[in-house]
1. Taking the stretch 50-101 on its own, how many of its residues are within 12 Å of the ligand (Cβ to nearest atom), in contact with a helix residue (DSSP H, G or I) (Cβ under 8 Å, 6 or more places away or on another chain) and not hydrophobic (A, V, I, L, M, F, W, C)?
2. Report every pair of residues separated by at least 6 positions or lying on different chains whose Cβ atoms are under 6 Å apart, first residue within the stretch 99-120 and under 21 Å from Pro73 (Cα atoms) and among the small types (Gly, Ala, Ser), second part of a helix (DSSP H, G or I) and within 12 Å of the ligand (Cβ to nearest atom).
3. Please state which of the following conditions Glu112 fails to meet, knowing it meets all the rest: (1) surrounded by 14 or more Cβ atoms within 10 Å (Cβ to Cβ); (2) more than 11 Å from the ligand (Cβ to nearest atom); (3) over 22 Å from Leu128 (Cα atoms).
4. Across the stretch 160-183, what is the total count of residues that are part of a helix (DSSP H, G or I) and farther than 22 Å from Val64 by Cβ?
5. Report yes if Ala214 is among the aliphatic types (A, V, I, L, M) and not in a helix (DSSP H, G or I), otherwise no.
6. Please go through (1) touching an Asp or Glu at 6+ places or on another chain (Cβ under 8 Å); (2) surrounded by fewer than 19 Cβ atoms within 10 Å (Cβ to Cβ); (3) of a type in the set (S, T, N, Q) for Thr162 and return the number of the only condition it doesn't satisfy.
7. Do the conditions hold for Phe172, that is, is it among the hydrophobic types (A, V, I, L, M, F, W, C) and at pLDDT below 95?
8. Mind checking which residues of the stretch 180-194 are touching a residue at least 60 places away in the same chain (Cβ under 8 Å) and out of contact with any Leu (no Cβ under 6 Å at 6 or more places or on another chain)?
Amino acid sequence: MNDLLTHNPIEGQTLFNHWCWGLENSKIYSVRSLRVVLDENMLDEATRATIWAIQVPIKVNVFVWRLRPNRLPTRVNLEKRGMVLQDYKCVCCNVEEETVQHLLVDCGMAKELLAVTGFWAASLNFPLIINSTEDLFSQQPHPPRSKEKEASEVIARALLWTLWRFRNGLLFEGKVKTTQQLLMEVKEVAYNWIKSRSKWYRNCLWSDWFDNPAM
Ligand SMILES: [Zn+2]
């Protein structure tokens with residue numbers, strides 16, 4: 001964010017003692033205008049169209065936005081930024097170095113959670129095996145603006161968000177969880193997001209979602 005602020009004209013301008021937003025003609029701040037600048041500066045053409053999902057909270061979209069150009073603060077990424085840590089190993093397995101690829105794709109916990117999530121969401125053609133986090137964003141065989149596409153996008157983000165929060169809980173609070181507990185979190189998180197923000201799932205019952213997100 002600091003990089004963007006220094007390279008782009010999105011600083012506020014004082015005018016009659018008010019802050020103005022330079023990216024909108026109205027001078028009023030909007031998430032959309034900020035999103036456009038972030039996307040244009042950080043993402044390639046193919047990535048831009050699929051990054052923001054309106055069904056998930058902004059903080060999760062920002063998380064995905066940081067994930068895709070490999071800017072999540074994993075231990076290895078912190079080392080690249082010059083931070084000296086005592087340990088660069090993955091918090092979950094304590095074997096491999098904690099890169100984004102390892103933590104969210106290759107680590108045993110990530111693989112297990114992806115497998116059980118894929119099994120639960122099989123009727124959405126959710127992938128059971130992925131080679132990179134990009135596969136979760138690109139392997140969506142559904143028509144645009146369809147119920148299935150929305151559910152797949154929400155579940156992909158809930159899966160990655162749950163893994164990241166699990167890693168932070170383990171690192172900072174020593175919270176250990178099983179794969180089944182994490183799967184339950186994925187279901188709950190995704191349900192709360194999609195029920196409150198998707199017209200398709202507005203009246204969806206938890207019990208139906210729990211059994212099959214394609215309903
Ligand atoms: Zn690991």
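1. Result for the stretch 50-101: 7.
2. Ala110/Leu104; Ala110/Leu163
3. Of the numbered conditions (1) surrounded by 14 or more Cβ atoms within 10 Å (Cβ to Cβ); (2) more than 11 Å from the ligand (Cβ to nearest atom); (3) over 22 Å from Leu128 (Cα atoms), the odd one out for Glu112 is (3).
4. Count: 4.
5. Working: among the aliphatic types (A, V, I, L, M): yes; not in a helix (DSSP H, G or I): yes.
Criteria met by Ala214.
6. With (1) touching an Asp or Glu at 6+ places or on another chain (Cβ under 8 Å); (2) surrounded by fewer than 19 Cβ atoms within 10 Å (Cβ to Cβ); (3) of a type in the set (S, T, N, Q) applied to Thr162, the lone miss is (2).
7. On the way: among the hydrophobic types (A, V, I, L, M, F, W, C): yes; at pLDDT below 95: no.
Spelling it out, it is not the case that Phe172 is among the hydrophobic types (A, V, I, L, M, F, W, C) and at pLDDT below 95.
8. Going through the stretch 180-194, the residues touching a residue at least 60 places away in the same chain (Cβ under 8 Å) turn out to be 180, 182-183, 186-187, 193-194.
If the condition is that a residue be touching a residue at least 60 places away in the same chain (Cβ under 8 Å) and out of contact with any Leu (no Cβ under 6 Å at 6 or more places or on another chain), then Gln180, Leu183, Lys187, Trp193, Ile194 are the ones that fit.
The values are calculated or read from the model by the stated rules, or taken from the named source; none is laboratory data. The model shown is predicted, which means the values in this text are computed figures rather than measured ones. Quick reminder, even Gly has a Cβ in these numbers, built from the backbone with ideal geometry, and neighbours come from all protein chains shown.
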